[in-house]
1. Rounded, prolate or oblate: pick one for region 128-181, where a ≥ b ≥ c are the square roots of the eigenvalues of its C-alpha gyration tensor, a/c under 1.5 means rounded, and failing that, prolate if a/b is larger than b/c, else oblate.
2. Quick one: order Leu148, Leu65 by neighbouring beta-carbon count within 10 Å, fewest to most.
3. Hey, what do the phi angles of region 170-181 turn into as Karplus ³J(HN,Hα) couplings, whole Hz, using 6.51/-1.76/1.60 and θ = phi - 60°, x for Gly and Pro?
4. In whole angstrom, and with the biggest value first, how far do the Cα coordinates of region 65-181 range along each principal axis?
5. Please compute the contact order of region 56-181 in relative form: average sequence separation of alpha-carbon pairs under 8 Å and at least six residues apart, divided by the residue count, as a percent.
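Any read-out appearing in this document is the output of simple, stated calculations on the displayed coordinates, not a laboratory observation. Please read all numbers here as calculations on a predicted model, not as lab measurements. Because the Cβ atoms are built from the backbone with ideal geometry, glycine has one as well, and the counts that use them run over all protein chains shown.
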Amino acid sequence: MARRSHAHRLQAALRTGSAAPQTRTILSWAAAVLLLVALAFIVGRPATETGVLGGTPSPSATPPLAIAFGTGLDPATNVAVERTDRFLAGDPFAYSVTLNAAPGTDTILVEVARVVAGVQTVVQEPSVQKIVPEAPTFAFQVLTDDLLAAWGPGDYEMRISFTAGEPPFAVGSFTLVQPPA
């Protein structure tokens, strides 16, 4: 019995409607890809999530500005100089904030909290401070001794806002140090 050549077998396969092995492999891969896409579409359900593909993104809050701390204020710019976040008894304590534009209001609220092991305890409730509404930079200077007398040594966070109940627009941390007697 004579063996049929490869060409004859291929022609016979084509006449009977069966596909070549290479064609079957390509069709199998295409079917698998289509199945995965369909499954991903069903499971993922685009437009039901709030990510990049669908939904309306929620507005993100602008991060607060940094409060600049130092031991003095520049008389020309009103910005804190001799920058530090650690203040010893006897040091001047100064802080400033520079906004992108003039605030248009003459008051701010300044709140201070003591921070111990990540837990914050308010030591100064939001208190009204007067500022110049036309100036984008505002600053204050006090004596560290006065702060030590009121709050004691430790780590603190200052938060500044325009109105009560709104998130602060400026935040900064500092440490008050009482030297040993």
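1. prolate
2. Leu65, Leu148
3. Karplus values, whole Hz, x for Gly and Pro: 9, 9, x, 10, 8, 10, 9, 10, 9, x, x, 6.
4. Between the extreme Cα coordinates on each principal axis of region 65-181 lie 45, 33, 19 Å.
5. Over region 56-181, the number comes to 29 percent.
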